[in-house]
Amino acid sequence: MIVAAVLGAGPTLYNNLAFLTTLAIYILLAQGVNIVYGFTGYLPFGFVGFFGAGIYGSSLAIVYWHVGGYTAIGLGALTSVVAAVVLSPLLRLSGAYFALATLAASQALYFIVANESWTFGESGMSLPLIFSPTALYVVAVVAVTVTLIVVFYVRDSHFGLSLRAIRSDAVSAAMAGVNVVRTRTIAWLVSAAIAGVAGALWALMTSAFYAETPFDLTISVYAIVFALFGGVRTVVGPVVGTVVLYSLYQYIGISNPQYFELIYGLLIVVLVLFLPGGLSSLVGGRGDRPAWWNRLVRHRAAPESAPEVAP
Amino acid sequence: MRLFEYALVSGVLYGLFYGFIGVGLNLLFGVMRLVNLAHGDLVVWGGYLAYSLTTSAHVNALWAIPLSIPFSLVGGLILYLITVPRLRRAEDTETSSLILFFGVSQVLVALATMKYGTNQVTLPELGNPVMIFGQPYAASLVASASLAVPALALFYFYLYRTRLGLATRAVMANEEEAIASGVRVRRVATSAFVIGIAFAAAAGPLATFMLGGINPTTGGGLTITAFTIIIIGSLGNPMGTAAGGILYGLASSLTQAYAAPWTGMVPYALLLAVVLLRPSGLFGRRVRIA
């Protein structure tokens with residue numbers, strides 16, 4: 001709720017709607033990664049494939065069927081979910097195999113879209129203006145709010161508990177009666193739908209593009225690192241991570257991309273080595289915090305009470 | 001028919017080079033379950049070393065191959081000491097290493113952009129085209145392929161004819177049992193890491209010839225190609241990588257000859273096909289629980 005309120009008040013704080021809408025889109029993507037990676041441990045390196053599927057699903061619906069904006073967003077999400085169903089056999093893999101296979105799938109999708117004429121691969125896509133920038137931003141804020149509610153549900157519900165159980169030990173979870181395959185697949189489809197909505201919003205905002213941008217792997221990587229930086233398996237973490245890092249990108253990444261890339265690369269290394277739980281692990285329970293942080297910050301050290309020994 | 005023959009020969013020549021690129025990556029994954037996403041960028045840095053040598057010292061680019069070894073030994077050792085001990089204690093080493101080395105890759109790309117700019121860098125051709133079965137092939141292509149063969153032989157020698165190689169294979173097969181048999185795992189892991197990186201950098205000058213030039217972002221695609229090859233040739237079986245490389249080279253050059261716009265899709269389509277149909281690879285003896 002607080003996040004939604006802050007996003008709603010966004011334009012009065014910083015009047016750049018294109019930036020704020022892109023920020024909302026990245027928050028959606030980071031939350032999508034949060035659901036797959038955070039709760040199931042499967043790293044979707046090719047997550048951008050769902051984003052691209054959403055972009056092309058909604059755009060082609062607008063171009064061929066002249067649908068309205070909301071229908072286009074719905075169809076974008078549907079396209080991503082269909083893509084996720086097609087790719088669900090990848091969930092049989094794990095670890096690096098899964099990460100690289102999703103990457104390969106997203107790039108295969110890119111080559112199909114870029115080489116076919118019915119997807120306007122060579123001429124590029126161009127869409128009519130459907131939403132005004134303000135209206136689109138309002139839609140994006142609503143989408144983020146709904147997504148945050150979904151993540152709240154995933155975190156606290158019985159479903160989320162099953163996901164955590166699978167993540168820590170799939171075999172034991174199955175023996176405890178959790179339907180491993182179904183639970184994992186649902187999480188996969190939900191995150192694809194979120195990415196599809198993000199893609200549709202991006203298409204409506206950008207309205208003219210070639211296939212390179214919708215399937216650019218850096219989008220996956222940004223979403224993953226934004227989520228990790230804030231802290232996965234939390235609701236607010238990915239939002240904070242996105243706001244901080246995307247603002248940093250806006251500040252130096254556009255004028256000096258190589259310096260941003262350098263900082264970004266070093267940040268990833270430091271994050272994995274010293275802060276695997278992200279920023280939110282610093283404010284979480286003592287057990288979640290990294291050991292070096294506990295050594296640095298003394299949290300009301302219990303007074304050492306020497307056992308009283310009777311003389 | 002001549003087109004087919006040309007595609008076949010150049011496929012094998014490219015394949016040997018791709019095998020050379022893949023072996024180092026497979027070693028890192030096989031021994032430590034580390035997913036080195038910076039592998040392609042290390043290859044590219046090897047290529048830049050060759051470029052610097054030819055432009056500033058005016059010597060043959062191939063001298064960069066032996067020269068890259070001291071650089072990669074020192075650099076690899078530093079990288080190992082900073083990252084690996086902490087990574088091995090992580091909850092999920094494999095996925096954490098993937099993210100971490102992606103960060104390393106970004107740093108390498110950024111540094112390359114700062115030093116060499118974003119334009120494509122090329123090396124001068126080595127000599128007149130070589131005739132094979134009556135058709136001409138670029139001298140650099142033939143030279144690269146024929147240098148990949150001794151490199152692969154050297155790798156085979158290290159892994160199957162030395163004590164260190166024996167210990168390395170023991171750790172690959174089962175780390176706990178290797179420790180129990182008195183193998184000094186940390187020493188083996190360190191050498192495997194450094195050797196893997198040295199092989200990546202040494203392949204760099206050849207990559208500059210084979211790919212018709214390099215730029216800072218060439219590495220990403222190379223990493224994916226290398227992963228496809230090692231998965232085809234089975235993870236943890238470095239010599240399968242050589243065969244996987246040739247298979248990939250053939251698939252790629254045949255697509256280039258008959259369906260050129262789809263060439264870029266070959267590594268991705270092959271990778272998907274292999275992980276879904278036969279995740280243990282073509283030469284896997286034991287099935288890895290994928």
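The values are calculated or read from the model by the stated rules, or taken from the named source; none is laboratory data. Because the structure is predicted, anything quoted here is derived from the model rather than measured. Cβ atoms come from the backbone with ideal geometry, glycine included; neighbour counts cover every protein chain shown.
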Checklist entry - In segment B:151-159, is there at least one residue being within 15 Å of the chain's Cα centre (by Cα) and within 24 Å of B:Ala112 (Cβ to Cβ)? => result yes
Checklist entry - From A:Gly160, A:Gly196, A:Gly177, which residue is in contact (Cβ under 8 Å) with a residue 40 or more places away in the chain, more than 14 Å from every other protein chain (Cβ to nearest Cβ) and surrounded by fewer than 24 Cβ atoms within 10 Å (Cβ to Cβ)? => result A:Gly160
Checklist entry - If only one of A:Val232, A:Val272 is within 11 Å of chain B (Cβ to nearest Cβ), closer than 23 Å to A:Leu103 by Cβ and either among the β-branched types (Val, Ile, Thr) or under 21 Å from the mean Cα position of the chain (by Cα) (or both), which one is it? => result A:Val272
Checklist entry - Would a scan of segment B:233-246 turn up a residue that is part of a helix (DSSP H, G or I), over 24 Å from B:Phe71 (Cβ atoms) and within 14 Å of chain A (Cβ to nearest Cβ)? => result no
Next on the checklist: within 12 Å of another protein chain (Cβ to nearest Cβ), at positive phi and not β-branched (Val, Ile, Thr): which single residue out of A:Gly121, A:Gly95 fits that description?
Outcome noted: A:Gly95
Checklist entry - Right, A:Leu279: more than 20 Å from the chain's Cα centre (by Cα) and surrounded by fewer than 20 Cβ atoms within 10 Å (Cβ to Cβ) or not? => result no
Checklist entry - Picking from B:Thr118, B:Thr168, B:Thr83, which residue would you name as being at pLDDT 85 or above, assigned to a helix (DSSP H, G or I), within 30 Å of A:Tyr259 (Cα to Cα) and not charged (D, E, K, R)? => result B:Thr83
Checklist outcome for this item: All conditions in (1) within 14 Å of A:Thr22 (Cβ to Cβ); (2) without any contact (Cβ under 8 Å) to a residue 40 or more places away in the chain; (3) in contact with a helix residue (DSSP H, G or I) (Cβ under 6 Å, 6 or more places away or on another chain); (4) more than 14 Å from every other protein chain (Cβ to nearest Cβ) are true of A:Pro214 except (2)
Item to check | Condition check for A:Leu43: part of a loop (DSSP other than H, G, I, E, B) and touching a helix residue (DSSP H, G or I) at 6+ places or on another chain (Cβ under 8 Å) | outcome: yes
Item to check | Where a residue in segment A:77-94 is assigned to a helix (DSSP H, G or I) and its partner, wherever it lies, is basic (Lys, Arg), with Cβ under 7 Å and at least six apart | outcome: A:Leu91/A:Arg184
Item to check | Residue check, B:Ala251 crowded, with 19+ Cβ neighbours inside 10 Å and either not in a helix (DSSP H, G or I) or not basic (Lys, Arg) (or both) | outcome: yes
Item to check | Among (1) more than 12 Å from chain B (Cβ to nearest Cβ); (2) touching a residue at least 12 places away in the same chain (Cβ under 8 Å); (3) at negative phi; (4) out of contact with any strand residue (DSSP E or B) (no Cβ under 8 Å at 6 or more places or on another chain), the one test that A:Ala208 misses | outcome: (4)
Next on the checklist: Any residue that is within 14 Å of chain A (Cβ to nearest Cβ), surrounded by 24 or more Cβ atoms within 10 Å (Cβ to Cβ), under 13 Å from the mean Cα position of the chain (by Cα) and among the small types (Gly, Ala, Ser) - is there at least one of those in segment B:36-46?
Outcome noted: yes
Checklist entry - Looking only at segment B:85-104, which residues are of a type outside the set (Asp, Glu) and within 7 Å of chain A (Cβ to nearest Cβ)? => result B:Arg86, B:Ala90, B:Thr95, B:Ser96, B:Leu98, B:Ile99, B:Leu100, B:Phe102, B:Gly103, B:Val104
Checklist entry - Which pairs do you get when a residue that is under 14 Å from A:Ile73 (Cα atoms), found in segment A:119-143, comes within reach of a residue that is of a type in the set (Phe, Trp, Tyr) and assigned to a loop (DSSP other than H, G, I, E, B), reach meaning Cβ atoms under 8 angstrom, with the pair 6+ apart or on two chains? => result A:Val139/A:Phe131
Checklist outcome for this item: When restricted to A:Leu60, A:Leu91, the only residue over 30 Å from B:Phe29 (Cβ atoms) and more than 17 Å from the chain's Cα centre (by Cα) is A:Leu60
Next on the checklist: Return the residues of segment A:71-128 that are crowded, with 22+ Cβ neighbours inside 10 Å and of a type outside the set (A, V, I, L, M); say none if nothing qualifies.
Outcome noted: A:Gly76, A:Thr79, A:Ser80, A:Tyr97, A:Phe98, A:Thr102, A:Ser106, A:Gln107, A:Tyr110
Checklist entry - Taking only pairs six or more apart or across chains, which ones have beta-carbon atoms under 7 Å, a first residue in segment B:148-163 that is under 14 Å from B:Ala243 (Cβ atoms), and a second residue that is β-branched (Val, Ile, Thr) and surrounded by 13 or more Cβ atoms within 10 Å (Cβ to Cβ)? => result B:Leu152/B:Val23; B:Phe155/B:Val23
Item to check | A:Ala165 being on the phi < 0 side of the Ramachandran plot, part of a helix (DSSP H, G or I) and surrounded by fewer than 20 Cβ atoms within 10 Å (Cβ to Cβ) | outcome: yes
